[in-house]
Structures are given as structure tokens and as C-alpha cells.
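The values are calculated or read from the model by the stated rules, or taken from the named source; none is laboratory data. Given the structure is predicted, the values throughout are model-derived calculations rather than measurements. Note that each Cβ is placed from the backbone with ideal geometry, even for glycine, and that neighbours are counted across all protein chains shown.
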Amino acid sequence: MAGRSPCTPAARSAFLVSLTHGYFDYLPTPRQHELGGYETWLATNRLEPQASEKLFDALLEMAAEVRDPQ
């Protein structure tokens, strides 16, 4: 995320923290969905294969809003 972050270099030392509340604890990439495995099965992951990319893009948009509130 740091490579695409709109934040200043000083702010890039921040990191993401998530609380899963016991449900979503791993977000496979589209490539990992192609390869398969336990964390990509519908029984353990009810998200679409592109979910990780969509979430990542949304996080970058939110970081830009924090940096330059309008």
C-alpha cells in the first residue's frame, strides 16, 4: 500500500490494523483465488475474487481524503 499511498513520506510509516470479529480474517487476492485453497472456498470466504483489490482501492481513496479533506 505504501507504494501507491497518496500520503507524505512521514505518514507512510502508518500501518493498517483490522478487527475481524471472528469472521473475515484473511482476504485472498484474485491470483490466490485462481490457485485455490482453503481460504478461497465459498464455505470459508464469501467474498468475490476481486474483493481484496476493491478494498485496497477504497482504502487509498480514504487516505487521499484524509490527506486533502474537501
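Of all residues in segment 28-61, count the ones that are hydrophobic (A, V, I, L, M, F, W, C) and more than 12 Å from the chain's Cα centre (by Cα).
Of the residues in segment 28-61, 5 are hydrophobic (A, V, I, L, M, F, W, C) and more than 12 Å from the chain's Cα centre (by Cα).
State which residue is surrounded by the most Cβ atoms within 10 Å (Cβ to Cβ) when the search covers only segment 20-41 and only residues that are modelled with pLDDT under 80 and not hydroxyl-bearing (Ser, Thr, Tyr).
Phe24
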